[in-house]
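Quick notes on the structure that follows.
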Amino acid sequence: MAELFEWKDEFQVGVRDIDEQHVELVALLNALHEAVREKRGSAAVRSTLDELVDYTRSHFAVEERMMREACYPDYAEHRIYHEALIDQVHALQHKLDSGETSITFELLHFLRVWLMRHICESDKRFGVWYQENASTPGWMAEARAAQRQRRWWQFWR
Ligand SMILES: [Fe+2]
């Protein structure tokens, strides 16, 4: 069965850590799609969603810290995009908790389109700028380890 979001090299923004995190994000979104498609039950679907949300927040925090430290001129605008998505996803989590809604293919499609557009437009713009104006920060090794160990917020909060 086809994946929801097939990763292609053309989605790369040219900054290694960001690209690796995007690949992981896409894999988590595909896992959520699979859980819904296979009707795995609300608890399993919910934990897959939570993992995707945690990883997304963690990824946004890394990106934003890179932007802040490098004085990226479009940081404020970029952050608004991140926050808008996180707000929408939190509202969704509340609705799921109260049984008001379930995860639909329409929602999964929305997430795929949002992520693809965000990567191809905003993140690529940042990637080009970053390659010319900054380099991998010293704290990235620790951020990688924190993500591997799923210590989502320990490092940058
Ligand atoms: Fe971003």
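Note on the chain: with charges restricted to the Cβ of Lys and Arg (+1) and Asp and Glu (-1), its dipole about the Cα centre is near 380 debye. Ordering LEU25, TRP152, MET1 by Cα displacement along the dipole of the chain toward the positive end leaves TRP152 in first place; charges were set at the Cβ atoms of Lys, Arg (+1) and Asp, Glu (-1).
Reported to the nearest whole Å, the Cα centre-to-centre distance from the stretch 30-48 to the stretch 4-29 is 21.
Excluding ligands, DNA and RNA, the accessible surface per residue across the stretch 15-140 is 51 Å² with a 1.4 Å probe. Of the accessible area of the stretch 15-140, computed with a 1.4 Å probe over protein heavy atoms only, carbon and sulfur atoms account for 51 percent. Using only Cα atoms, find the angle between the long axis of helix 42-69 and the longest principal axis of the chain, and express it within 0 to 90 degrees, rounded to the nearest 10. Approximately 10 degrees, to the nearest 10.
Backbone phi angles across the stretch 91-99, fed through the Karplus curve with coefficients 6.51, -1.76 and 1.60 (θ = phi - 60°), yield HN-Hα couplings of 4, 4, 4, 5, 5, 5, 4, 8, x Hz in residue order; Gly and Pro are listed as x. Compared with the dominant Cα axis of the chain, that is its longest principal axis, helix 105-118 is turned about 10°.
3J(HN,Hα) along the stretch 141-152: 4, 6, 4, 4, 5, 4, 5, 4, 8, 6, 8, 3 Hz, from the Karplus curve 6.51 cos²θ - 1.76 cosθ + 1.60 with θ = phi - 60°, whole Hz, x for Gly and Pro.
Between helix 16-37 and the chain there is an angle of about 0 degrees, using the helix long axis and the longest principal axis of the Cα atoms. Each stretch of four or more DSSP H residues adds -39500 (n - 2.57); spread over every residue of the chain, this sum gives -23000 deg cm²/dmol at 222 nm. The Rg/Rh ratio of the chain, with both radii computed over alpha carbons and Rh defined as the Kirkwood radius, is 0.97.
The values are calculated or read from the model by the stated rules, or taken from the named source; none is laboratory data. Because the structure is predicted, anything quoted here is derived from the model rather than measured. As a convention, Cβ positions derive from the backbone with ideal geometry for all residues, glycine included, and neighbour counts pool all protein chains shown. All accessible areas refer to the heavy atoms of the entire protein, side chains included, with ligands and DNA or RNA removed. Shrake-Rupley method; radii C 1.70, N 1.55, O 1.52, S 1.80 Å.
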